[in-house]
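A.B. asks: My questions will all concern the structure given below.
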Amino acid sequence: MYTYHFTKRQAETAARATIVNYSERYPNEWQDEEALAYDVSALLGIKPEPNYVAAALQALDDLRKVENGTHMDLDANDREDLIERFEGDLLTAVRDVITSFPFSGREVFIPTMELAA
């Protein structure tokens, strides 16, 4: 059995990477917040709320639209301001995703099954 050791900051980084990778793999119409919440749950041993995961996916979608120049708020706002706003939204959503992550000031040990060799 493998054991992963995560601090809260590492859990935040792992959750963000999982969410970003998921959003890059699946187009918006195929994205499933519950399936992604399950992926985060399997990685970190927590049960995130699907609505927090949905908020993170929405922030990523907004960032992608700003980068592509197709976001509807680009006309009224500066590009850098929008990027900063949506990065903040993403950070908040990821932190919401890991709110149930146990934090005692120490690392958290998460046992997982060992893959057969």
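The values are calculated or read from the model by the stated rules, or taken from the named source; none is laboratory data. Keep in mind that what you see is a predicted model, and the values were worked out from it rather than measured. No Cβ is skipped: glycine too gets one built from the backbone with ideal geometry, and neighbour counts run over all protein chains shown. Protein only, heavy atoms only, side chains kept; ligands, DNA and RNA dropped before computing areas. Shrake-Rupley method; radii C 1.70, N 1.55, O 1.52, S 1.80 Å.
A.B. asks: Kindly report the accessible area of segment 1-50 per residue (heavy atoms of protein chains, probe 1.4 Å, no ligands, DNA or RNA), in Å².
C.D. replies: Heavy-atom SASA per residue in segment 1-50 reads 66 Å².
A.B. asks: Work out the charge dipole of segment 16-78 with +1 on the Cβ of Lys and Arg and -1 on the Cβ of Asp and Glu about the Cα centre, then indicate which of Y26, L44, A59 is farthest towards its positive end.
C.D. replies: Result: L44.
A.B. asks: Another question, if that's okay. How do R9, R25, R16 rank by accessible surface area computed with a 1.4 Å probe, from largest to smallest?
C.D. replies: Ranking R9, R25, R16 by accessible area, largest first, yields R9, R25, R16.
A.B. asks: Another question, then. Quick one: which of 79-88, 58-67 comes out on top by average Cβ neighbours within 10 Å, and what's the full order, highest first?
C.D. replies: Going by the mean number of other Cβ atoms within 10 Å, highest first, we get 58-67, 79-88.
A.B. asks: Same structure, new question: Using a ≥ b ≥ c from the Cα gyration tensor of segment 1-57 (square roots of the eigenvalues), is it rounded, prolate or oblate, where a/c under 1.5 gives rounded and otherwise the larger of a/b and b/c decides, a/b for prolate? Don't skip to the end; give the middle numbers.
C.D. replies: Details: a/c = 1.92, a/b = 1.87, b/c = 1.02.
Prolate.
A.B. asks: Suppose each label sits 7 Å from its Cα in the direction of the beta carbon; what would the E49-Q10 distance come out to in nanometres?
C.D. replies: 2.8 nm
A.B. asks: State whether segment 1-96 is rounded, prolate or oblate according to the following rule on the C-alpha gyration tensor (a ≥ b ≥ c being the square roots of its eigenvalues): a/c under 1.5 gives rounded; otherwise a/b larger than b/c gives prolate, and the remaining case gives oblate. Could you put the intermediate results ahead of the total?
C.D. replies: On the way: a/c = 2.65, a/b = 1.87, b/c = 1.42.
Judged from the Cα gyration tensor, segment 1-96 comes out prolate (a/c at least 1.5, a/b above b/c).
A.B. asks: Still on this structure, I have one more. Express the relative contact order of segment 6-80 as a whole percentage, based on alpha carbon pairs under 8 Å and six or more residues apart in sequence.
C.D. replies: 25 percent.
A.B. asks: For segment 17-84, with all protein chains present and a 1.4 Å probe, just round the carbon and sulfur fraction of the accessible area to a whole percent.
C.D. replies: 46 percent
A.B. asks: Now a separate question. What are the extents of the Cα atoms of segment 33-77 along their three principal axes, in Å, largest first?
C.D. replies: 42, 15, 13
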